[in-house]
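Trainee: My questions will all concern the structure given below.
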Amino acid sequence: MLAGAAAIFGLVMILLGLSFRNRRSSGEEAGQIRVWILGLGLGFPALVLGALLAYGLVIGERLVPRQGVEAVQVSAQARRWEWRFTYADAPALETTGVLHIPAGRPVDIAITTADVIHSFWVPRLAGKLDAIPGHTNTLRLEADAPGTYQGVSAEFSGAGYDGFAFEVVVHDNSGWAAFLRGQPE
Amino acid sequence: MRALERHRKLSAIWASETGFRGWFSTVNHNDLGRMFLFTAFLFFIIGGLLAMLIRVQLATPHSAFAGPEIYNQIFTMHGTVMMFLFAIPTFEGLAIYLLPKLLGTRDLAFPRLTAYGFWCYAFGGTMLIVAMVFGIAPDGGWFMYPPLSSAIHSPGINADFWLIGITFVEISAIAAAVEITVSVLKYRAPGMSLEKMPIFAWYALVTALMILTGFPPLILGSVLLELERAFGLPFFQADLGGDSLLWQHLFWLFGHPEVYIIFLPAAGVISTVLPVMCRTTLLGYGWIVSAALALAFLSFGLWVHHMFTTGIPHLGLAFFSAASTLVAVPTGVQIFAWIGTMWKGRPELHLPMLHILGFFVTFVIGGLTGVMVAVVPFDWQAHDTAFITAHLHYVLFGGFVFPIFAGIYYWLPHFTGRRQFFRLGELAFALVFSGFHITFLAMHWAGLLGQRRRISAYAPEDGWTTINLISSVGSFILAIGIAMILIDVLLHVFTARRSRRNPWNASTLEWAMITPAPAYTFASLPQVSSRDPLAREPELATTLARGEGFLGTPRDGLRETLAVDSASGRPEMHVLYPANTRLPIIMSAVTGLFFLSLLLKFYWIVPLALAGVIVLAWKWVRSLGLRDDPAMQPVGHDLNLPSSATVERAPGWWGSVFLLTANGTFFAALLFGFAFLWTVAPGWPPPVWFTPSVAELALGVAGAVIAPLAMRRAIRRNRAGDAPLFSVLIALSGSAVLGIACAALMLRAPAPTEHAYGSTLLVLGGYGLFHAIIAALMGGFLARQIRCGYTSAKRRAAFPIVALWVKYTSITGAIILLAAHLSGMLS
């Protein structure tokens, strides 16, 4: 996308620069309108944008939670300024500021808020999804490898917003099982 | 009469009072345009200083410069000031100053409204700045998302300043938009048909129409949120049947068109200035007009792209993503039409042209990053990071500030009658251009590295230290450049040499006059036969000064002009303007008192202020009445026109049509809100439904049906020479009955503070009651005019205006009653 944008930018700049040449483009106004407005103004963006849009929609479709897949269910509730996570597989368990998930399995995170709007964002795992009062938004993500990932809340929420962060700990199979039993390694 | 004598006589008629007292009583667009622009630039400097504070704060990690409490006010006010107090008013000021001159007429349609709008803007803006000085400025970000901005999470008066102050300022935007729309459609030189209008007038028209349909949703949102904060009506509280998403919809329903409301006037400046700089004419005039219209239309279909991360259904995402990319097509048409214009002509690198080149580079980058964030998966990552901040500055600085600088340098000789002497402008441009790109290219990068927008501090481990420092250094280069532009302009105003008329050899009418522009604008009005009048008749200015156009003979100390048929530009009526008056400033001060007493919760003043507004409004319209039937007015060239008091569709009728357009949008947004809460908000159905009453519904609807019919009868009788008074009184009573039904709805709305359903009914009823009162007052005013002999079969212009308002009140009132009572019956 960056390369394409740079190419288009370069093209516009070259056309802009060439207009300062001494030689005048001759021809009638009708011809100029065909080139500049119909060709470059209408046709060119329509083509590029059509392709880009299709690409975006296909990628977007892949990121949407699909039915029929067995996904781990967790809940994330935000409040100013901490996240609380609960786990469908271990109802007694609640963690604050750290979300635990298994690696290699799809996870559905049900995002809610107890006060103002927040946004759940773990840049390396998925895009943002907002926590809106009264609504539950579900984010599907899947971590390939165990490890620790940084997450932040990405919707301005007042005075404590700067440091409003959390961690995602991704476990391998045995680690996940241990966590659910309440015995983290 | 010699040209000089005519100049003296006309100046005496049109001039404002001398000295600073003239500022308070002037209604002349020459003064008010300058006052608008001057005030807007004061706010630009304030907003710019706030931006500098932001960059100081972020220059180093763990900054101790300002704590989050202060920093949150700073960035909220930076956005608010730049959007509402700089960008929109700059367009208004430029259009107010330029339009009559471009269109070949003497003033805008409603001079007193221009002044009223200006004072609302000045007072409202001052309120916000005073709040900031006292450290109680809004601090919830310039889009004020509830529940963060609700009473629970933002106690204190800060958010109220935003909601009430901005609504006050928006009165001026609506006033200016009505003004501009009617002026472009009706107040043009004879012969200037739509396709002969200067391109800037098209852009101004489209922008004004967008303001009329784009601002009402925000005004509604602000009203609802303030009602929630002040009286506990839970429109945005999820546990009480409200939904904070409703605010986001209303806000971005305004917020996205807003971007184009800012860009289109700037595009109008480019389309005007660029061809002159290239010694040619604009390529594809018709295409550019269509592109502007398409842009305006499309921009209302993509507000949701600001809400891609709120969990909107995927199909909705696809639609709005498509609309967001589609909007790039008409933008592309304009960009390439401009480049084609440059190829067609012979570009010369004057100062305005440099800024236009700055526009091209900056805006194209901003457009391309805009296309990137229209791609949903990318936006999920980039949303709410510094990448977005950088993108929007590329769009707004590139798409507005550079073109406005180009416009300032282009029209500066027109404002001052001087030409540039010092060569500071080129250096200033270089600093602004490089400073801007250093600041905001760096900010893109910081955003991609994960820096969120609106944070007040970051840690060295985040790895953003260098990039932020570079950005801050760039911002100071930019600030120095802007300061130099300011100095350059001041030097120009005070020291430059006198210039010849039309220094750029432009072909539009604003150069067909002496500069600085005289108070009366044109000594006589031109007959226009082409899009480039000065190219065809280079000596037009002299001809007009000699009084060879229309209305060349000053009469009886009257401010005269003529209005034309919208499409063809055929002269249609003779119009008299009001003279200098302090009424607008007094009226806006009383309006301000109304807002201020709401803000400070001195509720006992509110009815007093409202009564004051009504009395002043009454005085305002009363001065328009004529005691005797006016004769046909000679306007020169053997043409006689009817007075505007004797036509079916007077200027006031046109003004009402467009004011009601804005009002209708407000009402539609309110109905949308009702439907949205009903279908989307959690916490529905409400615990108690409204108890429907067939009697109330029937009575109200009967009033709503009778009122417009009676007004129609009044118009018919008046035209036939019969007494219309009785029919007007019937209409008045019909509106009153409708008002009573709406008042009953308000009284019986179930528990308005306990569920959003009841609060919505309360607001709907209040809307109906408010309009019924207006309609009844207008009916009462008309009845008085009839009794005192201010109307006749000829002097009939007031009737259709009242009929229009009565009809509007009936339609909205009937919908309100049906929506409320049916909701009770269906449950």
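The values are calculated or read from the model by the stated rules, or taken from the named source; none is laboratory data. As the structure is a computational prediction, the values presented were derived from the model and not from experiment. All Cβ positions, glycine included, derive from the backbone under ideal geometry; neighbour counts span all protein chains shown.
Trainee: Is it true that some residue in the stretch B:564-584 is free of Cβ contacts under 8 Å to residues at least 24 places away in the same chain, closer than 21 Å to B:Leu10 by Cβ, acidic (Asp, Glu) and part of a loop (DSSP other than H, G, I, E, B)?
Mentor: Step one: list which residues in the stretch B:564-584 are free of Cβ contacts under 8 Å to residues at least 24 places away in the same chain, which gives B:565.
Next cut, closer than 21 Å to B:Leu10 by Cβ only: none.
No: the stretch B:564-584 contains no residue that is free of Cβ contacts under 8 Å to residues at least 24 places away in the same chain, closer than 21 Å to B:Leu10 by Cβ, acidic (Asp, Glu) and part of a loop (DSSP other than H, G, I, E, B).
Trainee: Also, quick follow-up: Quick test for you: out of B:Thr105, B:Thr60, B:Thr76, pick the one residue that is surrounded by fewer than 24 Cβ atoms within 10 Å (Cβ to Cβ) and not basic (Lys, Arg).
Mentor: The conditions single out B:Thr60.
Trainee: Let me ask something else. What helices (runs of 4 or more DSSP H) completely inside the stretch B:354-457 contain at least 3 residues that are away from chain A (no Cβ under 14 Å) and surrounded by 23 or more Cβ atoms within 10 Å (Cβ to Cβ)?
Mentor: Of the helices (runs of 4 or more DSSP H) lying wholly inside the stretch B:354-457, those with at least 3 residues that are away from chain A (no Cβ under 14 Å) and surrounded by 23 or more Cβ atoms within 10 Å (Cβ to Cβ) span B:402-416, B:424-448.
This table checks each residue for (1) among the β-branched types (Val, Ile, Thr); (2) more than 22 Å from B:Leu697 (Cβ to Cβ); (3) buried (at least 23 other Cβ atoms within 10 Å of the Cβ).
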site	(1), (2), (3)
B:Cys742	no, no, yes
B:Glu754	no, yes, no
B:Tyr757	no, no, yes
B:Leu764	no, no, yes
B:Leu769	no, no, no
B:Gly779	no, yes, yes
B:Gln785	no, yes, no
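Trainee: Does B:Phe134 meet the test of being aromatic (Phe, Trp, Tyr), over 22 Å from B:Ala175 (Cα atoms) and within 14 Å of chain A (Cβ to nearest Cβ)?
Mentor: Against the criterion (aromatic (Phe, Trp, Tyr), over 22 Å from B:Ala175 (Cα atoms) and within 14 Å of chain A (Cβ to nearest Cβ)), B:Phe134 does not qualify.
Trainee: Quick one: which residue in A:Asp130, A:Asp115 is buried (at least 20 other Cβ atoms within 10 Å of the Cβ) and either part of a loop (DSSP other than H, G, I, E, B) or in the same structural domain as A:Glu155 (by TED's automatic domain parsing) (or both)?
Mentor: The unique qualifying residue is A:Asp130.
Trainee: Please find, within the stretch B:678-731, the residue that is nearest to the other protein chains (Cβ to nearest Cβ) out of those that are under 30 Å from B:Ser244 (Cβ atoms) and among the aromatic types (Phe, Trp, Tyr).
Mentor: Among residues in the stretch B:678-731 that are under 30 Å from B:Ser244 (Cβ atoms) and among the aromatic types (Phe, Trp, Tyr), the one nearest to the other protein chains (Cβ to nearest Cβ) is B:Trp684.
Trainee: Can I ask one more? Of all residues being within 10 Å of chain A (Cβ to nearest Cβ) and either in contact with an Asp or Glu (Cβ under 8 Å, 6 or more places away or on another chain) or touching a residue at least 60 places away in the same chain (Cβ under 8 Å) (or both) in the stretch B:286-306, which is farthest from B:Phe143 (Cα to Cα)? Just the residue, please.
Mentor: B:Gly286
Trainee: For the stretch B:307-319, give me the residue count where each residue is buried (at least 22 other Cβ atoms within 10 Å of the Cβ) and more than 7 Å from every other protein chain (Cβ to nearest Cβ).
Mentor: Residues that pass the stated criteria total 1.
Trainee: Go over the candidates A:Val152, A:Val74 one by one and state the one that is modelled with pLDDT under 95, in contact with a strand residue (DSSP E or B) (Cβ under 8 Å, 6 or more places away or on another chain), assigned to a strand (DSSP E or B) and within 28 Å of B:Gln248 (Cα to Cα).
Mentor: Being modelled with pLDDT under 95, in contact with a strand residue (DSSP E or B) (Cβ under 8 Å, 6 or more places away or on another chain), assigned to a strand (DSSP E or B) and within 28 Å of B:Gln248 (Cα to Cα) holds for just one of A:Val152, A:Val74, which is A:Val152.
Trainee: Here is a further query. Might you let me know whether the stretch B:146-158 holds any residue that is touching a helix residue (DSSP H, G or I) at 6+ places or on another chain (Cβ under 9 Å), more than 14 Å from chain A (Cβ to nearest Cβ) and outside any helix (DSSP H, G or I)?
Mentor: Yes, because at least one residue in the stretch B:146-158 is touching a helix residue (DSSP H, G or I) at 6+ places or on another chain (Cβ under 9 Å), more than 14 Å from chain A (Cβ to nearest Cβ) and outside any helix (DSSP H, G or I).
Trainee: For the stretch A:78-85, state whether one or more residues are within 14 Å of chain B (Cβ to nearest Cβ), modelled with pLDDT of 90 or more and outside any loop (DSSP other than H, G, I, E, B). Please lay out each step first, then the result.
Mentor: Initially, the stretch A:78-85 is screened for residues within 14 Å of chain B (Cβ to nearest Cβ), giving A:78-81.
From what is left, the residues that are modelled with pLDDT of 90 or more are A:78-81.
Imposing the further condition that a residue be outside any loop (DSSP other than H, G, I, E, B) reduces the set to A:78-79.
So far as the stretch A:78-85 goes, yes, one or more of its residues are within 14 Å of chain B (Cβ to nearest Cβ), modelled with pLDDT of 90 or more and outside any loop (DSSP other than H, G, I, E, B).
Trainee: Here's a follow-up. Determine whether the stretch B:631-644 contains at least one residue that is part of a helix (DSSP H, G or I) and at pLDDT 90 or above.
Mentor: Scanning the stretch B:631-644, I find at least one residue that is part of a helix (DSSP H, G or I) and at pLDDT 90 or above, so the answer is yes.
Trainee: Follow-up. Considering every residue within the stretch B:508-518, establish whether at least one is closer than 28 Å to B:Thr26 by Cβ, out of contact with any Gly (no Cβ under 9 Å at 6 or more places or on another chain) and free of Cβ contacts under 8 Å to residues at least 40 places away in the same chain.
Mentor: Checked the stretch B:508-518: no residue is closer than 28 Å to B:Thr26 by Cβ, out of contact with any Gly (no Cβ under 9 Å at 6 or more places or on another chain) and free of Cβ contacts under 8 Å to residues at least 40 places away in the same chain.
Trainee: Output the number of the condition that A:Asn22 fails; it satisfies all remaining conditions of (1) facing chain B (nearest Cβ under 8 Å); (2) at pLDDT below 90; (3) over 30 Å from the mean Cα position of the chain (by Cα).
Mentor: (1)
Trainee: Quick check on my filter: what residues within the stretch B:600-616 are part of a helix (DSSP H, G or I) and free of Cβ contacts under 8 Å to residues at least 40 places away in the same chain?
Mentor: Hits for the stretch B:600-616 are B:Ile605, B:Val606, B:Pro607, B:Leu608, B:Ala609, B:Leu610, B:Ala611, B:Gly612, B:Val613, B:Val615, B:Leu616.
Trainee: Right, here's the next one. Scan B:Ala535, B:Ala563, B:Ala506 and give me the residue that is under 27 Å from B:Ala3 (Cβ atoms), touching an Asp or Glu at 6+ places or on another chain (Cβ under 7 Å) and not basic (Lys, Arg).
Mentor: Step by step, each of B:Ala535, B:Ala563, B:Ala506 is checked, and only B:Ala563 is under 27 Å from B:Ala3 (Cβ atoms), touching an Asp or Glu at 6+ places or on another chain (Cβ under 7 Å) and not basic (Lys, Arg).
Trainee: Which residue out of B:Val621, B:Val590, B:Val657, B:Val647 is among the aliphatic types (A, V, I, L, M), at pLDDT 95 or above and over 27 Å from B:Leu250 (Cα atoms)?
Mentor: Exactly one of B:Val621, B:Val590, B:Val657, B:Val647 is among the aliphatic types (A, V, I, L, M), at pLDDT 95 or above and over 27 Å from B:Leu250 (Cα atoms), namely B:Val590.
Trainee: Cβ-Cβ below 9 Å, separation at least six or inter-chain, first residue in the stretch B:422-437 and among the polar types (S, T, N, Q), second part of a helix (DSSP H, G or I): which pairs?
Mentor: Pairs found: B:Ser434/B:Gly474; B:Ser434/B:Ile477; B:Ser434/B:Leu478; B:Ser434/B:Gly481.
Trainee: Within the stretch B:750-757, is even one residue more than 30 Å from A:Asn137 (Cβ to Cβ), in a helix (DSSP H, G or I) and at pLDDT 95 or above?
Mentor: no
Trainee: So B:Thr553 ticks every box in (1) buried (at least 20 other Cβ atoms within 10 Å of the Cβ); (2) of a type in the set (Val, Ile, Thr); (3) part of a loop (DSSP other than H, G, I, E, B) but one. Which box is left unticked?
Mentor: For B:Thr553, the failing item is (1).
Trainee: Another one. Take the stretch A:40-49 and flag every residue that is touching a helix residue (DSSP H, G or I) at 6+ places or on another chain (Cβ under 8 Å) and either more than 8 Å from chain B (Cβ to nearest Cβ) or outside any helix (DSSP H, G or I) (or both). Spell out how you get there, then give the answer.
Mentor: At the first step, the residues of the stretch A:40-49 found to be touching a helix residue (DSSP H, G or I) at 6+ places or on another chain (Cβ under 8 Å) are A:40-42, A:44-46, A:48-49.
Residue satisfying the conditions is A:Val48 alone.
Trainee: While we're looking at this one, here's another question. Would you be able to tell me the number of residues in the stretch A:157-179 that are free of Cβ contacts under 8 Å to residues at least 60 places away in the same chain, out of contact with any helix residue (DSSP H, G or I) (no Cβ under 8 Å at 6 or more places or on another chain) and either under 30 Å from B:Thr679 (Cα atoms) or of a type in the set (Asp, Glu) (or both)?
Mentor: Residues flagged as free of Cβ contacts under 8 Å to residues at least 60 places away in the same chain, out of contact with any helix residue (DSSP H, G or I) (no Cβ under 8 Å at 6 or more places or on another chain) and either under 30 Å from B:Thr679 (Cα atoms) or of a type in the set (Asp, Glu) (or both) within the stretch A:157-179 amount to 0.
Trainee: Taking the stretch B:247-285 as the region of interest, how many residues are over 26 Å from B:Ser193 (Cα atoms) and within 11 Å of chain A (Cβ to nearest Cβ)?
Mentor: Here the count works out to 2.
Trainee: Can you confirm whether B:Gly286 is of a type outside the set (Lys, Arg) and under 30 Å from B:Val763 (Cα atoms)?
Mentor: Answer is no for this residue.
Trainee: Here is a further query. Could you give every pair whose Cβ atoms fall below 7 Å, whose first residue belongs to the stretch B:9-20 and is aromatic (Phe, Trp, Tyr), and whose second residue is modelled with pLDDT of 90 or more, counting only separations of at least 6 or pairs across chains?
Mentor: So the pair list comes out as B:Trp14/B:Asn28; B:Trp14/B:Ala519; B:Trp14/B:Tyr520; B:Trp14/B:Arg559.
Here is a yes/no grid of residues against (1) under 22 Å from B:Ala668 (Cβ atoms); (2) surrounded by fewer than 23 Cβ atoms within 10 Å (Cβ to Cβ); (3) touching a residue at least 40 places away in the same chain (Cβ under 8 Å):
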site: B:Trp252; (1), (2), (3): yes, yes, yes
site: B:Gly255; (1), (2), (3): yes, yes, yes
site: B:Val273; (1), (2), (3): no, no, yes
site: B:Thr281; (1), (2), (3): no, yes, yes
